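**Student:** The structure that follows is given in the form of C-alpha cells.
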Amino acid sequence: MSPSNPDSTASFGHGDTSVSCLKPENGFVDSLSLVHSEKAVEELLQQTPVEGMDEHLIEFSEALRTVAKALRRAAEGKASAQAEAAEWKRRYELEKTRNIQMERKAQIAEQNGNIDCGRVKNSDKQLMQQNELDKIFDECCMKHGICSHEVLRDRGSDSSSNVDRSKMMRKASFKLSWWCKGENGDQHKHDIVSFEKGNITTAERSSKQISLKWESDPQTVLILTKPNSVSVRILCAQMVRWLKEKKKLNIYVEPRVRAELLTESSDFNYVQTWKDDQEILLLHTKVDLVITLGGDGTVLWAASMFKGPVPPIVPFSLGSLGFMTPFHSEHFKECLDSVLRGPVSITLRHRLLCRVIRDAAKNEYETEEPILVLNEVTIDRGISSYLTNLECYCDNSFVTCVQGDGLILSTTSGSTAYSLAAGGSMVHPQVPGILFTPICPHSLSFRPLILPEHVTLRIVVPFNSRSPAWASFDGKDRKQLAAGDALLCSMAPCPVPTACQVDSTSDFLSSILDGLHWNLRKTQSFDGPRELQDIIQI
Ligand SMILES: NC(=O)c1ccc[n+]([C@@H]2O[C@H](COP(=O)([O-])OP(=O)(O)OC[C@H]3O[C@@H](n4cnc5c(N)ncnc54)[C@H](O)[C@@H]3O)[C@@H](O)[C@H]2O)c1
Ligand SMILES: Nc1ncnc2c1ncn2[C@@H]1O[C@H](COP(=O)(O)OP(=O)(O)OP(=O)(O)O)[C@@H](O)[C@H]1O
C-alpha cells in the first residue's frame, strides 16, 4: 500500500483471514476498522506456525507487523485531528451565532435611530451606527478567546439595511484549516473551518490572571500532611481544631493522620477519612478545598490523589524550598480566613497525561493505567551504565534521537524542578506548554525545547537500544521501558488549581528570587572607571 496514494487499497490474505485498508469517501481510514484490521493482523500472526517457517514467511510476518503499526499510527493521528476539527467547528458555530446577534442589534439600533433622530443627517446616523457596531465587535473580542474580529456578513442581500455599502469594506473570504501532519506526508488533513470574511484576533489569552470567588460557602476541607514531621503534626492538630470550632467545617484527613490525631485526643473523632482507593476516587465530589502542610512534594502528593478534577489547593510551606507553597504556617488563621471568604487568585497548573504502551500491545488504546504528573515525567537510563537511546516524535513528526542520560518532559510548573537542574528554562506556571529537556546529552548542540500544549509526544525505546530505559513520574513510580515500548505524553484536561498568596506572577517571581536566589549578585561599587566621571573632568 502506498501511503501517498490516497485511493490505494491494500489487502493481505492468509487462509480465511484478510486485512484490508479501504479509504472511505471522506479521505480518512475509519479508526474502528483500523483497530479491527490490526486485530486481524495479530490473529493472522498467531495462526502462522512459527517453527519450520521459511525465510519468506518470516519476512511476510515482519511486513504484516509493520502494516499493523502503520495502521495503529494512522488511527491515533485521526483521533487527535478529529478532536481539533471538532473544537474549530464549535468555535465557528459560536462565531456564526454571534454575528447573527450582532446584525440584529445593528438593525434595531438603526430602526431606533430612524424614530429618535429623525432630523439627524443620514451620514451622521451611519457614522453612529458604525461606531455602535465597532463597540459591539470590540466587546465581543474582549469576551472570547479566539475571535474573528469584524467578521462581516454579506449585506448585499439585506434590503432592510440602509448602511452605505461603499463605506462597508468588502473583505476577502478565507478558510482556516486545522490539520495534523501524518508520518507519511499530509494525509491526515481534516475538516476545513471557513470564516466568511474577517480578521483573526486573540483578544483573550489563557494566561490571564484567574480569580476564584465562592458562590456558596465551602463546607468540607481535606488536609494532607507530610509524614514524619513533628512540626507538621502539631500544626495539623491546631488547624483541625480551628477549622471545626471557628469555621464549622467538615474535615477529611488521610487514615494515618486520623490515627495520629486520635492518639493525641479522642476529641478528634469528628475527623473523617476513607477506607479504600475507591473512596479516594470520589473525594473530589465531597471536598471544597485541599490544604497541604509540607513542601513541594506534598503538593505533588495532593495532585496525584486526584485523577480527574482537583479542588483548589491551599499549600502551606513547611519544607525547605517551597516553590509551590506560598502560604506561611505562622499566619494560617488569617490566610485561611481570607481564602474561605474569597475571592482568591489562583494559578491553574497544567498536568501531563502519560501512557505507557508496551511493544506487545495490540493497539494504541491498549495502554497501562494513565499517570498524571504535575512536575514531569523523566525517561532515563536507570542503573544502566549505557547511554539511553530514545526516539522522540511530536504529533508523529520525528523530533530527535536522545543519546545521553535521558529526557525530561516537564510542565511549566515543573520547569523550576528537575528540568531546571538539567538546563531547561524557567517558565511561568500559567504558560501552557511542554518542556522537552535532555539530561546530559552526549552532543554539543542539544538545546532544550518548549513545545505548545496541544502536541502529543511519543518517546520510543528503539530495538537497537543497548539497554532498557526507565520512566519516573514526579520522581516516583518507576516503570521499565523495554525495546519497542513507548511513552505517550500530552496535556491533561484537568489542571491543578493552587491558591496564590498575591497572584500567580508575584508568587512565581518571589519563589525564584527567594527560593533560588535567581540572578543574585553583589551590586557593583560606585568607584572605579565610569563615563560620567570622565565627562565631569573634561
Ligand atoms: N536533579 C534534580 O534537581 C532532581 C532530581 C530528581 C528529582 N527532582 C525533583 O524532585 C521532584 C519530586 O519532589 P519530592 O519533594 O517528591 O522529592 P524530594 O523530596 O527529593 O525533593 C526534591 C526537591 O525538588 C523540589 N521541587 C519539587 N517540585 C518543585 C518545583 N515544581 N519547583 C521547584 N522545586 C521543586 C522540592 O522542593 C525538593 O526540594 C521531582 O518531580 C523532580 O522534579 C529533582
Ligand atoms: N501525605 C503524604 N503521604 C505520603 N508521602 C508524602 C505525603 N506528603 C508528602 N509526601 C512525600 O514526602 C516527601 C517529602 O515531602 P515534601 O517535599 O513536602 O517535604 P520536604 O522534603 O520537607 O520539602 P522540601 O523538599 O521543600 O524541603 C516527598 O517525597 C513526598 O512525596
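**Student:** Could you please let me know if Gly528 is small (Gly, Ala, Ser), open to solvent by less than 40 Å² (accessible area, probe 1.4 Å) and either closer than 29 Å to Ala68 by Cα or not in a loop (DSSP other than H, G, I, E, B) (or both)? Steps first, answer last, please.
**Tutor:** Working: small (Gly, Ala, Ser): yes; open to solvent by less than 40 Å² (accessible area, probe 1.4 Å): yes; either closer than 29 Å to Ala68 by Cα or not in a loop (DSSP other than H, G, I, E, B) (or both): no.
No: the conditions fail for Gly528.
**Student:** Of all the strands (runs of 3 or more DSSP E) wholly in the stretch 456-505, which have at least 1 residues that are of a type in the set (D, E, K, R), touching a residue at least 24 places away in the same chain (Cβ under 8 Å) and within 16 Å of ligand 1 (Cβ to nearest atom)?
**Tutor:** The qualifying strands (runs of 3 or more DSSP E) are 476-481.
**Student:** Looking only at the stretch 401-418, how many residues end up being open to solvent by less than 40 Å² (accessible area, probe 1.4 Å) and either in contact with a helix residue (DSSP H, G or I) (Cβ under 7 Å, 6 or more places away or on another chain) or more than 16 Å from ligand 2 (Cβ to nearest atom) (or both)? Let's see the steps before the verdict.
**Tutor:** Residues of the stretch 401-418 that are open to solvent by less than 40 Å² (accessible area, probe 1.4 Å), as a first pass: 402, 404, 406-417.
Applying the additional criterion that residues be either in contact with a helix residue (DSSP H, G or I) (Cβ under 7 Å, 6 or more places away or on another chain) or more than 16 Å from ligand 2 (Cβ to nearest atom) (or both) yields 402, 404, 406-412, 415-416.
The number of residues fulfilling the criteria is 11.
**Student:** Considering only residues of the stretch 310-326 that are open to solvent by 10 Å² or more (accessible area, probe 1.4 Å) and hydroxyl-bearing (Ser, Thr, Tyr), which is farthest from ligand 1 (Cβ to nearest atom)?
**Tutor:** Ser317
**Student:** Against the definition (within 11 Å of ligand 1 (Cβ to nearest atom), closer than 27 Å to Glu76 by Cβ and of a type in the set (A, V, I, L, M)), how does Val377 come out, yes or no?
**Tutor:** Spelling it out, Val377 is indeed within 11 Å of ligand 1 (Cβ to nearest atom), closer than 27 Å to Glu76 by Cβ and of a type in the set (A, V, I, L, M).
Listed here are the residues, each with its yes/no results for (1) modelled with pLDDT of 75 or more; (2) in contact with a Ser or Thr (Cβ under 9 Å, 6 or more places away or on another chain).
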site	(1), (2)
Ser61	yes, yes
Lys69	yes, no
Ser80	no, yes
Glu84	no, no
Glu87	no, no
Tyr92	no, yes
Gln101	yes, no
Lys105	no, no
Ala109	no, no
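**Student:** Same structure again: Can you name the residue in the stretch 409-421 that is in a loop (DSSP other than H, G, I, E, B) and either of a type in the set (Lys, Arg) or more than 7 Å from ligand 1 (Cβ to nearest atom) (or both) and, of all such residues, is nearest to the chain's Cα centre (by Cα)?
**Tutor:** Step one: filter the stretch 409-421 for residues in a loop (DSSP other than H, G, I, E, B), giving 411-412, 417.
Going one step further and asking which of them are either of a type in the set (Lys, Arg) or more than 7 Å from ligand 1 (Cβ to nearest atom) (or both), we end up with 411-412.
Numbers: Thr411: 8, Thr412: 10 Å.
The extreme case among them is Thr411.
**Student:** May I pose another question? Failed condition for Leu509, given (1) part of a loop (DSSP other than H, G, I, E, B); (2) free of Cβ contacts under 8 Å to residues at least 60 places away in the same chain; (3) within 16 Å of ligand 1 (Cβ to nearest atom), with all others met?
**Tutor:** (1)
**Student:** Which residue is farthest from ligand 2 (Cβ to nearest atom), if the candidates are limited to the stretch 448-471 and must be of a type in the set (Gly, Ala, Ser) and open to solvent by less than 10 Å² (accessible area, probe 1.4 Å)? If you could, list the steps in order and put the result at the bottom.
**Tutor:** Taking the stretch 448-471 first, the residues of a type in the set (Gly, Ala, Ser) are 465, 467, 469, 471.
Then drop every residue that is not open to solvent by less than 10 Å² (accessible area, probe 1.4 Å), which leaves 469, 471.
Working: Ala469: 22, Ala471: 17 Å.
This residue is Ala469.
**Student:** Within the bounds of the stretch 361-374, is there any residue that is in the same structural domain as Leu300 (by TED's automatic domain parsing), modelled with pLDDT under 95 and charged (D, E, K, R)?
**Tutor:** No, every residue in the stretch 361-374 fails to be in the same structural domain as Leu300 (by TED's automatic domain parsing), modelled with pLDDT under 95 and charged (D, E, K, R).
**Student:** OK, next. When Phe332 is evaluated against the numbered criteria (1) more than 15 Å from ligand 2 (Cβ to nearest atom); (2) within 28 Å of Asp514 (Cβ to Cβ); (3) without any contact (Cβ under 8 Å) to a residue 12 or more places away in the chain; (4) of a type in the set (A, V, I, L, M, F, W, C), which criterion, by number, is the only one it fails?
**Tutor:** (3)
**Student:** Also: Of all the residues that make up the stretch 341-356, how many are touching a helix residue (DSSP H, G or I) at 6+ places or on another chain (Cβ under 9 Å) and more than 16 Å from ligand 1 (Cβ to nearest atom)?
**Tutor:** Initial filter on the stretch 341-356 (touching a helix residue (DSSP H, G or I) at 6+ places or on another chain (Cβ under 9 Å)): 344-352.
With the extra rule that they be more than 16 Å from ligand 1 (Cβ to nearest atom), the set shrinks to 344-346.
So the count comes out to 3.
The values are calculated or read from the model by the stated rules, or taken from the named source; none is laboratory data. Please read these numbers as outputs of a predicted model, since none were measured by experiment. Glycine also receives a Cβ, built like all others from the backbone with ideal geometry; neighbour counts cover every protein chain displayed. The area values use the complete protein model at the heavy-atom level, side chains included, leaving out ligands, DNA and RNA. Shrake-Rupley method; radii C 1.70, N 1.55, O 1.52, S 1.80 Å.
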